[in-house]
Ligand SMILES: C[S@@+](CC[C@H](N)C(=O)[O-])C[C@H]1O[C@@H](n2cnc3c(N)ncnc32)[C@H](O)[C@@H]1O
């Protein structure tokens, strides 16, 4: 089926967001996020550029908002451990099914798992050196996105940074993801929502231009190949 990707499909619903979603399919999806993220999300580059330099100055606190299966947090924890650096990492998700699965598959990484919304952490006065998200922005309406940006800004101190990473909506991204996941739908991604939800995610995603027009001043949007976006707020850009 062909879709018009010139506008954001904000009404399309991901199957994993359905409270009645098949639990076995959902859990397989959390498990397979690890493969998808290793291939497309560039956690190594994020670690080298943004996390490691700060962790080298001393112990830091990191928050992942919308952590899903928690694999990005565990990858970061493993890299910090390899480099003998210290951080307290919290994987936050609003969906208790995600947190239950992630905590149950942690394998001793030291990541903390919490089911809550970012606004609850703001109300508690929590502060982090790095707040990030991966593949969260496309789940949100423009209003929810504005609230997330406000919360994440409040959750980092003067010297903290916020990095929200996601897919950039484009016909090329849709065609490439469709072809690759079609080839793997009977094997690697069988019994999961990876193919169907991934295609919906791309249709729901923002373009760099849309993100730049929504984000308040102080935020910057970066585009990276193959079809990635990064909305960030660096230290020292004012409160
Ligand atoms: C597509 S998953 C991405 C998971 C993970 N970050 C990854 O990259 O694999 C998006 C997750 O965001 C969570 N989520 C959606 N809206 C949220 C919100 N307002 N606050 C916290 N988590 C949220 C969903 O429950 C879901 O687990």
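Can you name the residue in the stretch 207-239 that is in a loop (DSSP other than H, G, I, E, B) and touching a strand residue (DSSP E or B) at 6+ places or on another chain (Cβ under 7 Å) and is also surrounded by the most Cβ atoms within 10 Å (Cβ to Cβ) among such residues? Talk me through it step by step, then tell me what you get.
Taking the stretch 207-239 as the starting set, the residues that turn out to be in a loop (DSSP other than H, G, I, E, B) are 207, 215-219, 225-227, 234-239.
With touching a strand residue (DSSP E or B) at 6+ places or on another chain (Cβ under 7 Å) added as a condition, the list becomes 215, 218-219, 227, 234-235.
Details: 215: 19, 218: 15, 219: 19, 227: 21, 234: 14, 235: 13.
Going through the qualifying residues, I end up with 227.
Restricted to the stretch 111-142, and to residues that are closer than 23 Å to residue 15 by Cβ and assigned to a loop (DSSP other than H, G, I, E, B), which residue is farthest from the ligand (Cβ to nearest atom)?
141
List the number of the failed condition for residue 12; all other conditions in (1) touching a residue at least 40 places away in the same chain (Cβ under 8 Å); (2) within 16 Å of the ligand (Cβ to nearest atom); (3) assigned to a helix (DSSP H, G or I); (4) more than 19 Å from residue 165 (Cα to Cα) hold.
So residue 12 meets the others, but not (3).
Would you pick out the residues in the stretch 24-40 that are out of contact with any helix residue (DSSP H, G or I) (no Cβ under 7 Å at 6 or more places or on another chain), in contact (Cβ under 8 Å) with a residue 12 or more places away in the chain and either loosely packed, with under 15 Cβ neighbours inside 10 Å or closer than 15 Å to residue 134 by Cα (or both)?
Residues of the stretch 24-40 that are out of contact with any helix residue (DSSP H, G or I) (no Cβ under 7 Å at 6 or more places or on another chain), as a first pass: 24-25, 28, 31, 35, 38-40.
Applying the additional criterion that residues be in contact (Cβ under 8 Å) with a residue 12 or more places away in the chain yields 24-25, 28, 31, 35, 38, 40.
The answer is 24, 35, 38, 40.
Could you tell me whether residue 71 is within 11 Å of the ligand (Cβ to nearest atom), under 24 Å from residue 154 (Cβ atoms) and surrounded by 22 or more Cβ atoms within 10 Å (Cβ to Cβ)? Please lay out each step first, then the result.
Details: within 11 Å of the ligand (Cβ to nearest atom): yes; under 24 Å from residue 154 (Cβ atoms): no; surrounded by 22 or more Cβ atoms within 10 Å (Cβ to Cβ): yes.
Criteria not met by residue 71.
For the stretch 44-70, name all the residues that are in a helix (DSSP H, G or I) and touching a residue at least 40 places away in the same chain (Cβ under 8 Å). Walk me through it before giving the result.
Kept after step one, since they are in a helix (DSSP H, G or I), are these residues of the stretch 44-70: 44-55.
Selection gives 46, 50, 51, 54.
Which residues, counting only those in the stretch 158-168, are within 12 Å of the ligand (Cβ to nearest atom) and within 13 Å of residue 215 (Cβ to Cβ)? Talk me through it step by step, then tell me what you get.
Let us first name the residues in the stretch 158-168 that are within 12 Å of the ligand (Cβ to nearest atom), namely 164-167.
Passing the criteria: 164, 166.
Quick check on the stretch 119-132. Is at least one of its residues farther than 15 Å from residue 92 by Cβ, touching a residue at least 24 places away in the same chain (Cβ under 8 Å) and either under 15 Å from the mean Cα position of the chain (by Cα) or buried (at least 19 other Cβ atoms within 10 Å of the Cβ) (or both)?
yes
I'd like to check something: does the stretch 147-157 contain any residue that is surrounded by fewer than 17 Cβ atoms within 10 Å (Cβ to Cβ), within 12 Å of the ligand (Cβ to nearest atom) and more than 14 Å from residue 5 (Cβ to Cβ)?
The answer is yes; a qualifying residue exists.
Each value in this text was obtained by applying a stated rule to the coordinates, not by laboratory testing. Quantities reported herein were computed from a predicted structural model and do not represent experimental measurements. Counting neighbours? That spans all protein chains shown, and the Cβs are built from the backbone with ideal geometry, glycine included.
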